[in-house]
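Beneath this line is the structure, given in structure tokens, with notes to follow.
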Amino acid sequence: MRRVIPYGRQSISPEDLDAVARVLSGDWLTTGPAVAEFERDLAAHAGGASAVAVTSGTAALHCGYAAVGIGPGDEVVTTPMTFVATAATAALLGARVVFADTSEDTANLCPDAAAAAVTARTRVVAAVDYAGHPAELDRLAAVAHDAGALLLEDASHSIGSAWHGRPVGSIADLTTFSFFPTKNVTTAEGGAVATTDAALDRRAREFRNHGLVRDRDRQREPDEGGWHQEVHEFGLNYRLPDVLCALGSSQLRRLAEFKRRRAELHRRYHEALADLDGLRLPVTRPGADPMWHLYPVRVLDERRRAAYEHLRAIGIGVQVNYVPVYWHPVFADLGYRRGACPNAERFYREQLSLPLFPGLTDAEVDRVIAGVRSFFGQ
């Protein structure tokens, strides 16, 4: 039987293995010099924004919202076309999540819809760079700032992307990254928060480490002793260990290589599938320089499920990204109803992610293309 082609997969090199082995044979496994090095490396790819490494993309979102001080009575405006964590982490802090519809072509948060959704209680507008294509960050920043709120960019899909020449991480007030194995670079599990705001950076760093305050100038009992540390606000243990940060730094050295291969795969799909009736291909907006995390096609005429089952049956591991967040029972039980964001719901009913990762071979790409064409009788 032919090998199943997954929709995403990590790319691990001998250099990655060496980087991890060096940490394992050294003195530090958890928070040590590799963490600081990884944060510096991330900052270099995020336009100089300070980066705080954490244990997952979900932890990064939780840290980001906590750094802003999100709590009961606050509202967070976001897109439903994302993984549930973008909304769940705000809800866990007590915020009311307000879903605004997506743009019809990119499935990113629509600035006009976001503007219609903000109120005096809005503290954060949270955009998602769906599939690696940056959201309209300049317009969304204006929407957020005009409302007295901050823009958080969920860049779980988009490290290495740029919007009008500016790298992801340097535009929004806060940017969160994910380094799950299927993402553009991996630390196995991991994430990060990036910001140019020193106060937000400090609050995120403290939240990822139980809220501990070690700066004597800020302590209430600074003369207690050299061992002394205090908790002024609750936090959690979201520390990413040295061994995983070493993997992340090694991966970042190949970010440009990963981007080139993902772009090449994207281009091959585009050229081979453009003539198929009943299939819409992803778009690239002017000013966008995506690092493609997904290749999301749209199967029209209510045939998405049939296409999914056909391709899975022949060993092509397509995926659907994502169920609109407010369709999940946890949000339905809070009173959210289907029909609120028609563009996002239509996109979900048609969306199918084809395999896309740097290690995908040319022969496997040909297999995927042939499988898609066979579904459409070509």
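The values are calculated or read from the model by the stated rules, or taken from the named source; none is laboratory data. These figures come from a predicted structure and were not determined experimentally. Note that we place each Cβ from the backbone using ideal geometry, even for glycine, and neighbour counts take in every protein chain shown.
Structural remarks
- A Cβ distance below 6 Å, combined with a sequence gap of six or more or placement on separate chains, defines the contacts here; from segment 47-58, residues that are within 20 Å of residue 162 (Cα to Cα) reach residues that are at pLDDT 95 or above and acidic (Asp, Glu) in the pairs 50/201; 51/39.
- Failed item in (1) surrounded by fewer than 21 Cβ atoms within 10 Å (Cβ to Cβ); (2) in a strand (DSSP E or B); (3) of a type outside the set (A, V, I, L, M, F, W, C), with residue 148 passing the rest: (2)
- Number of residues in segment 75-110 that are more than 20 Å from residue 139 (Cα to Cα), more than 15 Å from the chain's Cα centre (by Cα) and not hydrophobic (A, V, I, L, M, F, W, C) equals 2.
- Checking every residue in segment 25-44 against the condition of being in the same structural domain as residue 119 (by TED's automatic domain parsing), under 15 Å from the mean Cα position of the chain (by Cα), crowded, with 16+ Cβ neighbours inside 10 Å and not in a loop (DSSP other than H, G, I, E, B) gives at least one match.
- Among the criteria (1) in contact with a helix residue (DSSP H, G or I) (Cβ under 8 Å, 6 or more places away or on another chain); (2) assigned to a helix (DSSP H, G or I); (3) over 30 Å from residue 35 (Cβ atoms), the one residue 66 does not fulfil is (3).
- Selection within segment 335-364 - among the aliphatic types (A, V, I, L, M) and more than 25 Å from the chain's Cα centre (by Cα): 363
- Residue list for segment 267-282, filter: out of contact with any Asp or Glu (no Cβ under 9 Å at 6 or more places or on another chain) and of a type in the set (D, E, K, R): 267, 271, 275, 277
- Of residues in segment 266-297 being part of a strand (DSSP E or B) and among the hydrophobic types (A, V, I, L, M, F, W, C), the one nearest to residue 320 (Cα to Cα): 297
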